[in-house]
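Report on the structure given below.
Read-outs: derived from the displayed coordinates by stated rules, not from any lab. Bear in mind the structure is a predicted one, so any value in this text is a computation, not a measurement. Cβ sites come from the backbone with ideal geometry, for glycine too, and all protein chains shown count toward neighbours.
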Amino acid sequence: MKRLGTASFCLVAALTLAACSSGPKKPQPADLGPATQLMGTRQIWTANVGEGGPGFVPVHAGGRVFAAGATGVVAAIDANSGADAWRVDLRTRLATGVGSDGQTAAVVTAANVLVAIVDGEARWRVRLPARSFTPPLVAGGRVFVLTADRSVVAFDAANGARLWNQTRTGDPLTLNQPGALAAVGDTLVAGVSGRLVGLNPDNGTVRWEAPVATARGTNEVERLVDVLAPVSRIGTNICVRAYSAAVGCLDGVRGSVIWTKPAQGVVGVHGDDRLLFGTESNGTLLAWRRDSGEQAWSSERLKYRQLSAPLALGRVIALGDGTGLVHVLSREDGSEMARLSTDGSAIVSPPVLAGDALVVMTARGGLYAWRPQ
C-alpha cells in the first residue's frame, strides 16, 4: 500500500482506490446460502504458474491456454488435457500477463523489458520506453504494447524490431491494471485516458478517436478515466468501460459512439450480441442492452464480493470473487446456475473461454478448467 502525502486516502496497487486501514469498516457481503446447481459442470484439469494479479489474465490461442505468473513462469497448456506444451521460468518478476497468437507468446518484465517466447524459448528481448500493465497483444506477425505513458508501440514478432510508436497525451497518472488493447478487423484499438483510439496496425497512424468518458474531479486521482480491459467485441461493435465513469459501445470501423451510460465499475465488461454485462465497484451486477444501452436487469446477490470482470458464454455468464468462488449465472436475470470452488484466493482476472472450457486463474496462480456436462 502506498500513501500520497498525509491525505486521508490510500492507493492500492499504485492507483486503484481502496479504503484506508484507518477508514470505516467495509460492508460485509450477505451469506450466499447453499449452492444452486442448475447447470452441471466437470473440472477437467488444474495447473499452477505461481503468483497472479490483476494483469495476469490467461489467454486462449491455437488450442492452448497461455498463462504467466508474477515470479516469471510462463506456460503454454493444452486446453483439453491441462498438460504443459511448454513451460519456461524467465527468472525475473513480470509486470503483465501473457499475450499470444498461438505461436509467439509475449510478456513484459518488471524491469520494462518485452520478452517474446516461442516453443518455450525466449527469442528476443527489447527494453520499453515506459512501464506497462497491459498484456501485449500478438496479432498479424506483430507484438503491440500499451505503455503507462499512453504510448502504443509495435514490434516485429519475428525479431523484435521496432516498427512504430504512437504517443498520445493524457493525464499524468495511469492505473496499475490492464487497459484496452484489441484488434477490431484491420484496426488496432487502444484505450488512451477516457478515449478509444483506432490505429492503422501497419504504421500507427490514427484512423479515429472516440470519447467514452470525460475526466472530472479536482485532483489527478479523481480524474482517472482510463479505458479498461477486457473489452467486448462482436464483429465491429466494441463495448468498453472507462474506470469509475462510464460504459459505452462504439463502431470499431468509423469510431462513432453508439451510446454511453454513467457507471461506477473498476473492471472491464463482456457480453454477447444482445446484452453487455458489468459489475459496479460495490458488486452490483448490471446488464445493458447492447444496441441502446438501456438497463436490462440488475442483481445485488454478489454485492461487496470483490468481483472480477464477467465472461459471457452462451446462456450464462461467469465471474470470480475475492474468496476464490466462480459464480455461473443466468444471462437473463443474474440468478445462480452453478457455483465453483478454487484454492480460496481471490480471482482478480476475468474468466476466459478455452474451446468449450471455462478457465480461471487465482491470485495464487492456480488455473482451473471446467467443462459443462
*Would you tally the net charge around residue 289, using a Cβ to Cβ cut-off of less than 15 Å, leaving residue 289 out, and scoring K and R as +1, D and E as -1?*
-2
*Fewest Cβ neighbours within 10 Å first, please rank 361, 337, 39 accordingly.*
39, 337, 361
_Give me a comma-separated list of calculated 3J(HN,Hα) values for region 31-40, in order, Karplus coefficients 6.51, -1.76, 1.60 applied at θ = phi - 60°, integers in Hz, x for any Gly or Pro._
5, 6, x, x, 5, 9, 10, 8, 10, x
*Rounded FRET efficiency, nearest 0.05, which uses the C-beta distance separating residue 46 from residue 92 and R0 of 22 Å*: 0.30
_Please rank 65, 266, fewest neighbouring Cβ atoms within 10 Å first, as an exposure proxy._
266, 65
_Inter-label distance for residue 186 and residue 295, nm, one decimal - labels placed 7 Å from Cα along Cα-to-Cβ_ = 4.2 nm
_For the chain, set up a GNM with springs between Cα atoms under 10 Å and report which of 191, 140, 334 has the largest fluctuation._
140
*asked:* How would 315, 64 line up from fewest to most surrounding beta-carbon atoms within 10 angstrom?
replied: 315, 64
*Sparse-neighbourhood loop sites, GluC sites (Glu not before Pro) in region 245-335 - DSSP loop, at most 16 other Cβ within 10 angstrom*: 294, 300, 332
*So if R0 is 51 Å, what FRET efficiency would residue 119 and residue 25 give, r being the distance between their Cβ atoms, rounded to the nearest 0.05?*
0.50
*Quick one: if you take sqrt(5λ) for each eigenvalue of the C-alpha gyration tensor of region 178-266, what semi-axes come out, biggest first, whole angstrom?*
22, 14, 11
*Averaging over all projection directions, find the projected area of the Cα convex hull of the chain and quote it in nm² with one decimal place.*
17.1 nm²
_Residue-by-residue Karplus 3J(HN,Hα) for region 279-294, coefficients 6.51, -1.76, 1.60, Hz, glycine and proline x_ = 10, 7, 5, 8, x, 5, 9, 10, 10, 10, 6, 5, 7, 10, x, 5
*Thinking of region 215-373 as a set of Cα atoms, what percent of all their pairs are more than 20 Å apart?*
48 percent
*Shape box of region 73-155 [Cα atoms, principal axes, largest first, Å]*: 40, 28, 19
_Two-decimal log10 I(q)/I(0) for region 101-212, as the Debye equation yields it once each C-alpha is a single scatterer, q = 0.17, 0.21, 0.22 Å⁻¹_ = -0.75, -1.15, -1.26
